[in-house]
Amino acid sequence: MSVSENATLTSKGQVTIPKRIREKLGLEAGTEVEFILDDDGSLRVRPKEPPMERLRAIQDQLSTHEIDIDQLRRESKQAWESQLTEEQS
């Protein structure tokens with residue numbers, strides 16, 4: 001279910017997140033939030049995830065794909081070596 005509330009931008013560029021939305025998102029004083037501006041111009045606000053939780057989420061996503069880490073390392077090393085060789089020529 002969508003929740004819609006209005007707020008006013010201050011001269012300092014600040015907006016107070018309405019209480020009903022803060023409660024729904026579990027936001028408390030001091031909670032970091034991130035703003036995501038979508039291509040269609042809509043703005044999303046969500047609690048910022050701690051870096052380790054973000055890395056775990058990425059790891060979980062990647063674990064569903066068959067990825068050969070050793071092959072990625074070899075290809076990366078070869079690409080860097082090629083780049084360095086070109087720069088030295």
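The numbers here are math on the coordinates, done by the rules we state, and not lab data. It should be emphasised that the depicted structure is a prediction, and the values quoted were computed from it without experimental measurement. No Cβ is skipped: glycine too gets one built from the backbone with ideal geometry, and neighbour counts run over all protein chains shown.
Spin-label model, Ala79/Arg54: points 7 Å from Cα along the beta carbon direction are separated by 2.1 nm.
Note the direction-averaged projected area, equal to a quarter of the hull surface, for the Cα convex hull of the chain, in nm².
Quarter of the Cα hull surface area: 11.5 nm².
The phi torsions of the stretch 67-80, fed into the Karplus equation with coefficients 6.51, -1.76 and 1.60 and a -60° offset, translate into couplings of 10, 9, 4, 4, 5, 4, 5, 4, 5, 5, 4, 5, 5, 5 Hz, rounded to whole numbers, with Gly and Pro shown as x.
Residue-wise HN-Hα couplings along the stretch 20-35, as the Karplus relation 6.51 cos²θ - 1.76 cosθ + 1.60 with θ = phi - 60° gives them from phi, are 4, 6, 4, 5, 5, 8, x, 7, 10, 3, x, 5, 7, 10, 10, 10 Hz; Gly and Pro carry x.
Summarising the label geometry, the points placed 7 Å from Cα in the beta-carbon direction at Lys12 and Gln88 lie 5.6 nm from one another.
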